[in-house]
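Report on the structure given below.
The values are calculated or read from the model by the stated rules, or taken from the named source; none is laboratory data. These figures come from a predicted structure and were not determined experimentally. Note that each Cβ is placed from the backbone with ideal geometry, even for glycine, and that neighbours are counted across all protein chains shown. For the accessible areas, the whole protein counts, side chains as well, though only heavy atoms, and no ligand, DNA or RNA atoms are used. Shrake-Rupley method; radii C 1.70, N 1.55, O 1.52, S 1.80 Å.
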Amino acid sequence: MTEKKIRMEGVDPVQLLGLNDANLQVLERRFDAGVIVRGDTIMLRGDQQEVDQLEKILRELIYILNRNGNLTTNDVETVIDLVAANGEPALPSGAAQSAGADDAEMLILYTKSQIIRAKTPGQREYIRRIRKNDIVFAVGPAGTGKTYLAVAMAVAALKNNEITKIVLTRPAVEAGESLGFLPGDLKEKIDPYLRPLYDALDDMIPAEKLRTYLERRVIEIAPLAYMRGRTLNNAYVILDEAQNASAMQMKMFLTRLGPNSRAIITGDVTQIDLPSKQLSGLVQIQDVLKQVEGIAFVYFDRNDVVRHRLVKDIIDAYDKYQETAKGDDGSVPEPPAGV
């Protein structure tokens, strides 16, 4: 039996513990160790391993609350999962945070509402590779921060005057709905495919400034097909959903880079929407460029998921289904007609 005390210094206990102790109840559901609150002190009592984990989790939650001014039950679940998977939270808290050079390196961008930083070992490696290489491929499941962190790195580079332009692109590949049947002109038909990129920028740049950047084409968001024939100098270029780029489109995109430009290519090879006979450029490129210096590949897994905790369970469920559904030849059967 181990006991530890944690002081809730500089934070509102109600915000830390949640409305009607909602955050505290999450901790109590996930751990057998006792969590007892007395005034501004939290007493942890139980198995040493659980107590140590709870201490890391609570110190990280205090850090998040101090930085962001709020804390949600989803934040609590995410930090618990990170500690359970990796043994450490996103960043050490308190004095250790300001002292660690490596941790400071993982801070990417400060905005008025949040601090954007690498939260998992996979994300940390991603940021290191981006800083050391001109072209980085990020491959992994949904919710691992591939696109979000890439956009944050580009915005930080723009703010630091390292580049003069950001270009964000993705293939406008139909996934169950035809472009021809969507309402509006070409721009209105394509915008839904590009919406995730707008959403990321909305989180990082004030609305009025973002509007100015878009009008002046300092930030450009366009379908991949619009990249043909261009040379992009002094730019951060991001190709999202790259699993839906053909082999020829991938080559076309990579040869757009000009002097002082960087490219980040993100995708999930388990979610390819191309016709079955067409090879994904993201699949092929891993063999084509694996020995080229200055190009790096980063692979994410379920332990890097930082969205809702159920996203990990969904990924696991699909992986298990595909394994059990495989035929003798290793193929996965098509779903029934109409599904």
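Would you pick out the residues in the stretch 1-23 that are surrounded by fewer than 18 Cβ atoms within 10 Å (Cβ to Cβ), part of a helix (DSSP H, G or I) and hydrophobic (A, V, I, L, M, F, W, C)?
VAL14, LEU19, ALA22
Taking the conditions exactly as written (within 24 Å of the chain's Cα centre (by Cα) and crowded, with 16+ Cβ neighbours inside 10 Å), does LEU310 satisfy them or not?
On the way: within 24 Å of the chain's Cα centre (by Cα): yes; crowded, with 16+ Cβ neighbours inside 10 Å: no.
Answer is no for this residue.
So which residues in the stretch 29-87 are small (Gly, Ala, Ser), closer than 22 Å to GLN123 by Cβ and open to solvent by less than 40 Å² (accessible area, probe 1.4 Å)? Let's see the steps before the verdict.
Our first condition is that a residue be small (Gly, Ala, Ser); within the stretch 29-87, this holds for 33-34, 39, 46, 69, 84-85, 87.
Right, trim to closer than 22 Å to GLN123 by Cβ and you get 84-85, 87.
Residue satisfying the conditions is GLY87 alone.
Go through the stretch 266-295 and give me each residue that's in a loop (DSSP other than H, G, I, E, B) and polar (S, T, N, Q).
Keep residues of the stretch 266-295 that are in a loop (DSSP other than H, G, I, E, B), which gives 268-279, 289-294.
Of everything in the stretch 266-295, those that are in a loop (DSSP other than H, G, I, E, B) and polar (S, T, N, Q) turn out to be THR270, GLN271, SER276, GLN278, GLN291.
If you check ALA90, ALA96, which single one turns out to be over 24 Å from ASP21 (Cα atoms) and at pLDDT below 85?
Working: ALA90 fails: over 24 Å from ASP21 (Cα atoms).
Criteria check complete, one pass: ALA96.
Filter the helices (runs of 4 or more DSSP H) completely within the stretch 178-263 down to those with at least 1 residues that are among the hydroxyl-bearing types (Ser, Thr, Tyr), modelled with pLDDT under 90 and buried (at least 17 other Cβ atoms within 10 Å of the Cβ). I'd like the intermediate steps shown before the answer.
On the way: elements: 186-204, 207-215, 247-254.
Here the list reads 186-204.
Please specify each residue of the stretch 137-154 satisfying the condition of being open to solvent by less than 10 Å² (accessible area, probe 1.4 Å) and over 27 Å from TYR318 (Cα atoms).
VAL151, ALA152, ALA154
For every residue, the table says whether it meets (1) in a loop (DSSP other than H, G, I, E, B); (2) at pLDDT 80 or above; (3) within 15 Å of the chain's Cα centre (by Cα); (4) within 22 Å of GLY10 (Cβ to Cβ).
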site	(1), (2), (3), (4)
ARG45	no, yes, no, no
GLN49	no, yes, no, no
ILE62	no, yes, no, yes
ALA104	no, no, no, yes
ILE116	no, yes, yes, no
GLY122	no, yes, yes, no
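Let me confirm something: among ALA172, ALA157, ALA150, which residue is closer than 21 Å to GLN271 by Cβ, modelled with pLDDT of 90 or more and small (Gly, Ala, Ser)?
Values: ALA172 fails: modelled with pLDDT of 90 or more; ALA157 fails: closer than 21 Å to GLN271 by Cβ.
Among ALA172, ALA157, ALA150, only ALA150 is closer than 21 Å to GLN271 by Cβ, modelled with pLDDT of 90 or more and small (Gly, Ala, Ser).
Restricting to the stretch 46-80, give me the number of residues that are over 17 Å from ALA22 (Cβ atoms) and of a type in the set (Val, Ile, Thr).
1
Regarding LEU82, is this residue within 21 Å of VAL237 (Cα to Cα), among the aliphatic types (A, V, I, L, M), modelled with pLDDT under 90 and not in a loop (DSSP other than H, G, I, E, B)?
Spelling it out, it is not the case that LEU82 is within 21 Å of VAL237 (Cα to Cα), among the aliphatic types (A, V, I, L, M), modelled with pLDDT under 90 and not in a loop (DSSP other than H, G, I, E, B).
Quick one: in the stretch 283-302, which of the residues that are touching an Asp or Glu at 6+ places or on another chain (Cβ under 8 Å) and of a type outside the set (Val, Ile, Thr) is surrounded by the fewest Cβ atoms within 10 Å (Cβ to Cβ)?
GLY294
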